[in-house]
Amino acid sequence: MTSTPSHDRNDQLMARARQVIPGGVNSPVRAFRAVGGTPRFVQRAQGPYFWDANGQRYIDYIGSWGPMILGHGHPAVLEAVQKAVQDGFSFGAPTEREIELAEEILALMPSMDMVRLVSSGTEAGMSAIRLARGATGRSKIIKFEGCYHGHADALLVKAGSGLATFGNPTSAGVPPEVVQHTLVLEYNHLAQLEEAFALHGQDIACLIIEPIAGNMNFVRARTDFVRRCRELCTQHGALLIYDEVMTGFRTALGGVQSLHAQAIDGFAPDLTVMGKVIGGGMPLAAFGGRRAVMEQLAPLGPVYQAGTLSGNPVATACGLATLREIRQPGFFENLSAKTRTLTQGLTAAAKEAGAPFCADSEGGMFGFFLLPTLPQNYAEVMRTDNARFNQLFHGLLARGIYTAPALYEAGFVSAAHTDEDIAITLEAARAVFQQLGQNS
Ligand SMILES: *Cc1c(COP(=O)(O)O)cnc(C)c1O
């Protein structure tokens, strides 16, 4: 690419990391396995930028996979965190700040009466499913292919050979018995959804869905599909769980469910899983919902759930300061407009070069595809030409634009991105699309 390996600090750090950390990374997508090349080791970040180990600056369209909605090092957040650190890192005893954050989240999420704070989206999703099973006394769960709800054993699963059979594990170390209650359906496939409830309705504890699936880049659940999910769950006594770990306070102040509530009469999920933005970049996540369900949790009820660092005082300070900024009037209007400028500009640049391309966004979350039309499900997303995607990724990276290093991941714009940052990005994209056009 642009630099010779021997003098590249990123290469050197990756070689060193591989000796002590499996694959050199603490979460697989960071390793650049899908796109090839060496991951950028981040030295520091400010606003919409980060600098890698070579001191090279990048415009950051990942923002820690969503949390950095205000950009890096926002002064109000920094101040809140510094202040919290002075008072102590962790107590393992309750604090007033946990109440404040809970109140703040509940005020912005009308479907939730109560919330419990945890430390990762994985933990939140796993706990929400346990709660749904405990509250309904049932075992079976429905998830959709391409949706990610963390790496709990029962969720590392792909579809079996038919609706009468349950899923197969997608990871070694997950016994088939552990996923035998997980039914994996195709996203946006109404007939399959109907059939699954017809076959298994009385055994289903919950249906969990990303209402905009950010773990297959950016795929919206259609409104009619979501409506039917809600109706079928209600009819069969199953709980509807919205996984808004990525979309919550990222697509809109009330998450995607606020958009669905506007479009569908009486719409509300029973439980919501949150993370990413609510921690503002610190390890913090949450799950919450209707009071009667949430009161099934220990210490009130029979469903066990706990965490040494849950409601951590520094993380809650960071999350609170972040939420207080994003609920300022006009915040999401501005962020949405900026994100649309980016996706529309990318689409125009691709069109000029004659490359198949389409893009979509909601709030500060976006996706783009080297496909002629927006995909509806995981199989359609995976029709993307991998080689061309990798050329696009590396072309942008070489020009200082950092986008997701895998074609099934979403992108994120922060309030700190300036019009100039977007303009620089679009200029880089024009150059890369022209090259792509010539190579095809
Ligand atoms: C990121 C994510 C998770 C997992 O959160 P972690 O904090 O990485 O464990 C779960 N669900 C969705 C939709 C996510 O985007």
Subject >> So residue 268, is it within 16 Å of the ligand (Cβ to nearest atom) and in contact (Cβ under 8 Å) with a residue 60 or more places away in the chain >> reply: no
Original post:
Which residue pairs have Cβ atoms under 8 Å apart, sit 6 or more places apart or on different chains, and have a first residue in the range 170-194 that is under 16 Å from residue 231 (Cα atoms) and a second that is in a loop (DSSP other than H, G, I, E, B) and not aromatic (Phe, Trp, Tyr)?
Top reply: 188/221; 188/222; 188/376; 188/377; 189/377; 192/163; 192/186
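For residues that are aliphatic (A, V, I, L, M) and under 22 Å from the mean Cα position of the chain (by Cα), scanning just the range 16-36, find the one that is farthest from the ligand (Cβ to nearest atom). Don't jump to the end; show me each part of the working.
Residues of the range 16-36 aliphatic (A, V, I, L, M): 17, 20-21, 25, 29, 31, 34-35.
Next cut, under 22 Å from the mean Cα position of the chain (by Cα) only: 25, 29, 31, 34-35.
Details: 25: 13, 29: 10, 31: 16, 34: 17, 35: 20 Å.
Filtering the range 16-36 for residues that are aliphatic (A, V, I, L, M) and under 22 Å from the mean Cα position of the chain (by Cα), the one farthest from the ligand (Cβ to nearest atom) comes out as 35.
Quick one: how many residues across the range 185-228 are within 16 Å of the ligand (Cβ to nearest atom), of a type outside the set (Lys, Arg) and closer than 24 Å to residue 365 by Cβ? Give the steps one after another, and end with the answer.
If we filter the range 185-228 for residues that are within 16 Å of the ligand (Cβ to nearest atom), which is where we start, we get 187, 206-221, 226.
Next, only the ones that are of a type outside the set (Lys, Arg) stay: 187, 206-219, 221, 226.
With the extra rule that they be closer than 24 Å to residue 365 by Cβ, the set shrinks to 187, 207-219, 221, 226.
Adding up the residues that qualify gives 16.
Answer yes if at least one residue in the range 130-141 is touching a strand residue (DSSP E or B) at 6+ places or on another chain (Cβ under 9 Å) and within 25 Å of residue 410 (Cα to Cα), and no otherwise.
Let us first name the residues in the range 130-141 that are touching a strand residue (DSSP E or B) at 6+ places or on another chain (Cβ under 9 Å), namely 130-141.
With within 25 Å of residue 410 (Cα to Cα) added as a condition, the list becomes none.
Checked the range 130-141: no residue is touching a strand residue (DSSP E or B) at 6+ places or on another chain (Cβ under 9 Å) and within 25 Å of residue 410 (Cα to Cα).
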Original post:
How do the pairs read when you match residues in the range 231-251 that are in contact (Cβ under 8 Å) with a residue 12 or more places away in the chain with residues anywhere that are within 16 Å of the ligand (Cβ to nearest atom) and polar (S, T, N, Q), using Cβ under 7 Å and keeping only pairs 6 or more apart or on different chains?
Top reply: 242/257; 242/272; 244/257; 244/272
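Hey, could you check the range 369-390 for residues that are assigned to a helix (DSSP H, G or I) and out of contact with any Leu (no Cβ under 6 Å at 6 or more places or on another chain) and say which is surrounded by the most Cβ atoms within 10 Å (Cβ to Cβ)? Lay out the reasoning, then the answer.
Going residue by residue through the range 369-390, those that are assigned to a helix (DSSP H, G or I) are 378-381, 386-390.
With out of contact with any Leu (no Cβ under 6 Å at 6 or more places or on another chain) added as a condition, the list becomes 378-381, 386-387, 390.
Values: 378: 21, 379: 13, 380: 19, 381: 23, 386: 13, 387: 11, 390: 18.
Selected residue: 381.
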Original post:
Tell me, which residue of the range 132-168 that is over 24 Å from residue 287 (Cβ atoms) and within 23 Å of the chain's Cα centre (by Cα) is surrounded by the fewest Cβ atoms within 10 Å (Cβ to Cβ)?
Top reply: 158
Subject >> Hits in the range 86-118 (condition: under 18 Å from residue 308 (Cβ atoms), β-branched (Val, Ile, Thr) and surrounded by fewer than 21 Cβ atoms within 10 Å (Cβ to Cβ)) >> reply: 95
Subject >> Check on residue 108, in contact with a Phe, Trp or Tyr (Cβ under 8 Å, 6 or more places away or on another chain) and either more than 16 Å from the ligand (Cβ to nearest atom) or at pLDDT below 95 (or both) >> reply: yes
Original post:
Exactly one of (1) within 22 Å of the chain's Cα centre (by Cα); (2) surrounded by fewer than 17 Cβ atoms within 10 Å (Cβ to Cβ); (3) part of a loop (DSSP other than H, G, I, E, B); (4) not charged (D, E, K, R) is unmet by residue 337. Its number?
Top reply: (3)
**OP:** Report the residue count in the range 37-83 for those that are free of Cβ contacts under 8 Å to residues at least 40 places away in the same chain and either part of a helix (DSSP H, G or I) or within 16 Å of the ligand (Cβ to nearest atom) (or both).
**Re:** 3
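The values are calculated or read from the model by the stated rules, or taken from the named source; none is laboratory data. The structure presented is a predicted model; accordingly, all values stated were derived computationally and were not measured. Cβ atoms come from the backbone with ideal geometry, glycine included; neighbour counts cover every protein chain shown.
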